[in-house]
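K.L.:
Here it is: the structure, laid out below.
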Amino acid sequence: MNDQISPAFKGRVEDIRFVSGHGQFTADIVPKNALHAVFFRSPVAAGMVTGLDCSAARAAGGVVAVLTAADAAADGVANMIWTGGPVREDGGVTVDSPRPLLSGAEIRHLGEPLAMIIATSRQAAADAAELIDLQIEAADSVALSVENMLDGPLVWPGTTDNIASLHRQGNRDDIDAILAKSAHVSHFEFDISKITACTMEMRTSIGFIDENGKSCVTTSAQSPYQLHGELAQLFGISTDEVRVISPDVGGSFGMKGALYREDALVVWAARRLQKPVFWAADRGESFLSDEHARAVSGTASLGLDKDGNFTALWVDARIDAGAYLSRRTKGLLNNMGGVAGQYKTPAIATQMSFFFTNTMQTSPYRGFGRPEATYVIERLIDQAARETGRDALALRQQNLVSADAMPYQTALTFLYDCGDFPRIVAAAAKNADYAGFAERRKDSESRGLLRGIGIANPIEVAGGPLKQVRKDIARITVRPDGQIVITPGLMSVGQGHETALARMASSRLGVDMDDIIYEQGDTDLLPSGRGSGGSAATVIGGAAVHVALNEFVAAGKSIAAGVLGCEIDHVAFDAGLFSNPSNMTQKPMSWTDIAAHSNATGGLSVLGEFLPPDVTYPNGCHICEVEIDPATGKVSFADYVVVEDVGTVLNADLVEGQMHGGIAQGIGQALGEIFKFDETGQLISGSFMDYQMPIAADFPNFRVSTIAVPTKINPLGAKGVGEAGTVGALAATMNAVVDAMASAGVRAFEMPATPHRVWQALQGAKQ
């Protein structure tokens with residue numbers, strides 16, 4: 001709360017609200033008359049429902065309704081809206097994979113919702129769920145990985161294989177010919193684990209009908225306007241009849257970026273019952289029902305000539321799409337260009353195959369394809385350096401795109417508008433004392449420890465999707481009392497946008513930050529909005545606020561000119577006051593005066609928009625150092641250095657905070673996070689007892705600095721920072737781990753680098 005912030009406070013303005021318990025999350029604003037929903041979910045990963053008797057549940061105390069697939073079909077809302085569009089560039093058969101709101105017959109993954117129990121309390125609904133009599137024929141076998149997908153059990157009967165979609169870029173034959181003539185070819189098998197976001201606030205939704213008769217949902221989401229359109233389409237009504245509200249959101253990271261079944265179901269139930277319906281996942285349910293992420297494996301080959309120059313790159317990526325393919329899953333295609341990295345590789349070809357499995361659908365998670373692409377090329381370079389006896393840093397520096405080559409068209413779709421990769425890599429190497437690593441390794445060895453160093457030069461596409469950039473809008477309002485209201489189309493889900501935009505407005509409008517009100521996340525406030533995702537919030541949404549602020553000042557000058565009796569070009573604006581320099585006897589006009597003379601109810605309001613001409617490319621260099629205790633396999637961090645180019649830095653503290661959080665999530669995946677299933681598809685890492693989330697003690701003291709090469713793609717010069725930390729952390733961490741293990745004879749190792757797996761690999765190298 002702004003009135004609680006002292007003048008000396010330099011942190012985020014929203015933090016006081018959160019740490020003092022004044023945040024307004026979805027679960028904090030449940031109507032007193034709300035009914036409570038619980039979902040009865042499939043206990044098997046694949047099978048056929050032969051009976052679902054809900055009579056006892058319907059008769060249970062406090063139960064208002066038990067809804068099934070038959071009820072959804074009767075109301076014309078059987079399936080989620082399909083927005084994917086499968087492609088088979090190999091000529092294979094495609095399947096649309098419609099996703100039911102409630103499954104009525106075929107079960108395709110563990111935890112699919114079969115019935116929705118609605119009662120006067122959560123406990124009553126949960127008790128009633130226990131009374132449902134389910135008859136199910138479990139499948140004899142289930143598809144759990146892409147390794148046996150061509151000849152394994154079919155997720156969608158009637159198809160010939162489990163390939164959901166297959167896409168190719170570049171000419172494989174040309175690449176093979178170049179590799180055949182290369183002095184050295186490194187082949188790399190990668191396996192990037194399946195994980196999920198594990199947000200602090202789990203998914204929560206309230207369906208209700210508002211005073212205007214609109215079908216509404218209040219939900220923890222990062223892109224309310226996207227949900228807005230999807231709900232309207234699902235129910236066959238206009239967007240004017242739908243409202244989506246996202247209050248404070250306790251983390252998202254891409255996972256909360258689209259409409260979930262549960263969101264749609266609480267709205268449907270509210271429309272049916274004409275009462276608010278509330279649902280909140282617990283952690284166990286989150287592991288089952290939140291969209292999963294990563295799960296990318298495959299092979300890659302990098303060619304080098306006799307001098308160490310890259311000649312060609314081939315990547316064959318196999319993506320575990322889960323049981324249903326969607327537009328969100330296929331979004332990985334937009335980010336595959338990242339395998340080109342910061343390097344001038346002259347020829348690149350890729351194949352991306354999406355496979356159906358009997359698991360939860362996969363979709364975006366911090367970086368969504370960007371960390372995976374960087375992981376492939378950066379792990380490959382380290383392997384090539386080791387195989388050819390070259391220094392890993394020198395090999396990279398030799399192949400970097402130079403600053404004077406910008407703009408640079410890569411061999412795989414991306415066109416870098418600007419950057420100075422060599423300068424950033426050199427700065428990171430200096431900050432990390434790369435030259436002194438050999439001595440530090442000797443010191444570690446003297447203490448019985450293995451020491452390794454890992455480098456990653458990440459680059460990512462931001463503000464996309466690629467070739468499909470979309471505008472964002474923002475509204476600036478001055479109320480009659482002089483308070484300034486910022487209403488952006490972006491959505492802050494923990495990044496600090498409330499602070500960044502308030503400071504931007506304070507500086508441009510000459511008002512105190514205490515006089516600025518920030519409002520977001522209600523589709524009734526603006527006609528559209530991008531929300532948050534793809535590191536686009538600042539580069540597009542922030543730019544829209546910038547445009548709106550300039551137009552707002554121009555509108556203020558127009559009003560002031562009429563009152564002061566001068567031409568608009570003669571109006572001066574400084575420190576929040578409009579004046580006529582040619583007549584200093586006139587009292588300058590404040591924003592309160594502007595609002596009073598605006599002749600508009602509620603004060604002056606201006607809507608601005610920004611459509612970028614292209615995407616941006618944040619980039620950097622991560623250098624990670626680890627020590628491994630061979631007796632236990634435990635990985636400890638000795639150092640972690642980052643130099644990042646995120647363009648113009650609008651707020652250094654927020655940039656560093658985003659980098660810290662992103663690196664932590666990358667390290668978490670590299671060292672421990674993974675979904676594991678048994679042979680029947682049961683999730684055996686479905687709680688924090690088994691799913692290894694990192695803690696603060698696991699992390700090093702990140703040393704983050706920036707070198708800005710501003711972009712001209714937007715008026716702020718910003719490139720985006722939301723995902724940058726994670727994009728580099730996976731590869732840098734694993735390169736460091738593998739480098740340490742290589743000194744003990746380990747030649748190949750993939751994540752997660754848990755103590756047990758590391759110890760096993762070290763023991764195996766001794767045999």
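Let's see how each residue does on (1) surrounded by fewer than 22 Cβ atoms within 10 Å (Cβ to Cβ); (2) touching a helix residue (DSSP H, G or I) at 6+ places or on another chain (Cβ under 9 Å); (3) at positive phi; (4) modelled with pLDDT of 95 or more:
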{"position": "ALA264", "(1), (2), (3), (4)": "no, yes, no, yes"}
{"position": "TRP268", "(1), (2), (3), (4)": "no, yes, no, yes"}
{"position": "ARG271", "(1), (2), (3), (4)": "yes, yes, no, yes"}
{"position": "GLU285", "(1), (2), (3), (4)": "yes, no, no, yes"}
{"position": "HIS292", "(1), (2), (3), (4)": "no, no, no, yes"}
{"position": "SER301", "(1), (2), (3), (4)": "yes, yes, no, yes"}
{"position": "THR311", "(1), (2), (3), (4)": "yes, yes, no, yes"}
{"position": "TRP314", "(1), (2), (3), (4)": "no, yes, no, yes"}
{"position": "ARG327", "(1), (2), (3), (4)": "yes, no, no, no"}
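K.L.:
Only one of these is surrounded by fewer than 21 Cβ atoms within 10 Å (Cβ to Cβ) and either of a type outside the set (D, E, K, R) or touching a residue at least 60 places away in the same chain (Cβ under 8 Å) (or both): ALA428, ALA462, ALA474, ALA435. Name it. Explain how you work it out, then say what you get.
P.N.:
Numbers: ALA428 fails: surrounded by fewer than 21 Cβ atoms within 10 Å (Cβ to Cβ); ALA462 fails: surrounded by fewer than 21 Cβ atoms within 10 Å (Cβ to Cβ); ALA474 fails: surrounded by fewer than 21 Cβ atoms within 10 Å (Cβ to Cβ).
Criteria check complete, one pass: ALA435.
One line per residue, one yes/no per condition, for (1) within 20 Å of LEU288 (Cβ to Cβ); (2) under 32 Å from the mean Cα position of the chain (by Cα); (3) polar (S, T, N, Q); (4) modelled with pLDDT of 95 or more:
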{"residue": "PRO86", "(1), (2), (3), (4)": "no, yes, no, no"}
{"residue": "VAL93", "(1), (2), (3), (4)": "no, yes, no, no"}
{"residue": "SER97", "(1), (2), (3), (4)": "yes, yes, yes, no"}
{"residue": "SER103", "(1), (2), (3), (4)": "yes, yes, yes, yes"}
{"residue": "GLY111", "(1), (2), (3), (4)": "yes, yes, no, yes"}
{"residue": "MET116", "(1), (2), (3), (4)": "yes, yes, no, yes"}
{"residue": "SER121", "(1), (2), (3), (4)": "no, no, yes, yes"}
{"residue": "ASP133", "(1), (2), (3), (4)": "no, no, no, yes"}
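K.L.:
Can you pull out every residue in the range 85-119 that is of a type in the set (Gly, Ala, Ser) and under 27 Å from LYS676 (Cα atoms)? Spell out how you get there, then give the answer.
P.N.:
To start, the set of residues in the range 85-119 that are of a type in the set (Gly, Ala, Ser) comprises 85, 91-92, 97, 103-105, 111, 115, 119.
Hits for the range 85-119 are SER97, SER103, GLY104, ALA105, GLY111, ALA115.
K.L.:
Another question about this same structure. Go through (1) in contact with a Cys (Cβ under 9 Å, 6 or more places away or on another chain); (2) assigned to a helix (DSSP H, G or I); (3) farther than 23 Å from ARG366 by Cα for ALA736 and report which single condition fails.
P.N.:
(3)
K.L.:
Inspect the range 540-559 for any residue being in contact with a His (Cβ under 8 Å, 6 or more places away or on another chain) and over 24 Å from ALA652 (Cα atoms) and give the result as yes or no. Before the answer, list the steps.
P.N.:
In the first step, residues of the range 540-559 are kept if they are in contact with a His (Cβ under 8 Å, 6 or more places away or on another chain); the result is 541-542, 559.
Okay, now just the ones that are also over 24 Å from ALA652 (Cα atoms), so 559.
Scanning the range 540-559, I find at least one residue that is in contact with a His (Cβ under 8 Å, 6 or more places away or on another chain) and over 24 Å from ALA652 (Cα atoms), so the answer is yes.
K.L.:
For the range 158-180, enumerate the residues that are over 14 Å from PHE355 (Cα atoms), loosely packed, with under 14 Cβ neighbours inside 10 Å and either of a type in the set (S, T, N, Q) or without any contact (Cβ under 8 Å) to a residue 60 or more places away in the chain (or both).
P.N.:
Residues satisfying the conditions are ASN171, ASP173, ALA177, ALA180.
K.L.:
Here are the criteria: (1) hydroxyl-bearing (Ser, Thr, Tyr); (2) surrounded by fewer than 17 Cβ atoms within 10 Å (Cβ to Cβ); (3) not in a helix (DSSP H, G or I). Tell me which single one SER605 does not satisfy.
P.N.:
(2)
K.L.:
Looking for whichever is under 27 Å from THR357 (Cβ atoms) and either buried (at least 20 other Cβ atoms within 10 Å of the Cβ) or without any contact (Cβ under 8 Å) to a residue 24 or more places away in the chain (or both) here; the options are ILE667, ILE695. Which one fits?
P.N.:
ILE667
K.L.:
Do we find that ALA300 is aliphatic (A, V, I, L, M) and either more than 30 Å from ILE381 (Cβ to Cβ) or out of contact with any His (no Cβ under 9 Å at 6 or more places or on another chain) (or both) in this structure?
P.N.:
Working: aliphatic (A, V, I, L, M): yes; either more than 30 Å from ILE381 (Cβ to Cβ) or out of contact with any His (no Cβ under 9 Å at 6 or more places or on another chain) (or both): no.
In short, no.
K.L.:
Check GLY448, GLY452 and return the single one that is in a loop (DSSP other than H, G, I, E, B) and in contact (Cβ under 8 Å) with a residue 24 or more places away in the chain.
P.N.:
On inspection, the qualifying residue turns out to be GLY448.
K.L.:
Anything in the range 221-248 that is within 20 Å of PHE368 (Cα to Cα) and not in a helix (DSSP H, G or I)? List them, or say none.
P.N.:
Initial filter on the range 221-248 (within 20 Å of PHE368 (Cα to Cα)): 221-224, 226-227.
Hits for the range 221-248 are ALA221, GLN222, SER223.
K.L.:
So which of ALA428, ALA456 ends up being in contact with a helix residue (DSSP H, G or I) (Cβ under 6 Å, 6 or more places away or on another chain), closer than 26 Å to THR648 by Cβ and assigned by TED's automatic domain parsing to the domain that holds PRO700?
P.N.:
Answer to the selection: ALA456.
So that you can scan it fast, the table gives a plain yes or no per residue for (1) part of a helix (DSSP H, G or I); (2) small (Gly, Ala, Ser); (3) out of contact with any Phe, Trp or Tyr (no Cβ under 8 Å at 6 or more places or on another chain):
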{"site": "PHE40", "(1), (2), (3)": "no, no, yes"}
{"site": "ALA45", "(1), (2), (3)": "no, yes, no"}
{"site": "ALA65", "(1), (2), (3)": "no, yes, yes"}
{"site": "ALA70", "(1), (2), (3)": "yes, yes, yes"}
{"site": "VAL77", "(1), (2), (3)": "no, no, no"}
{"site": "VAL95", "(1), (2), (3)": "no, no, no"}
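K.L.:
Here's something else I'd like to know. Which members of the range 719-765 meet the condition of being of a type in the set (Ser, Thr, Tyr), more than 29 Å from THR616 (Cβ to Cβ) and under 27 Å from the mean Cα position of the chain (by Cα)?
P.N.:
THR754
K.L.:
Which residue, of SER507, SER528, is out of contact with any Cys (no Cβ under 6 Å at 6 or more places or on another chain), among the polar types (S, T, N, Q), surrounded by fewer than 18 Cβ atoms within 10 Å (Cβ to Cβ) and in a helix (DSSP H, G or I)?
P.N.:
Checking each option against the conditions leaves just SER507.
The values are calculated or read from the model by the stated rules, or taken from the named source; none is laboratory data. None of these values were measured; they are calculated from a predicted model. Backbone-built Cβ (ideal geometry, glycine too); neighbour counts: all protein chains shown.
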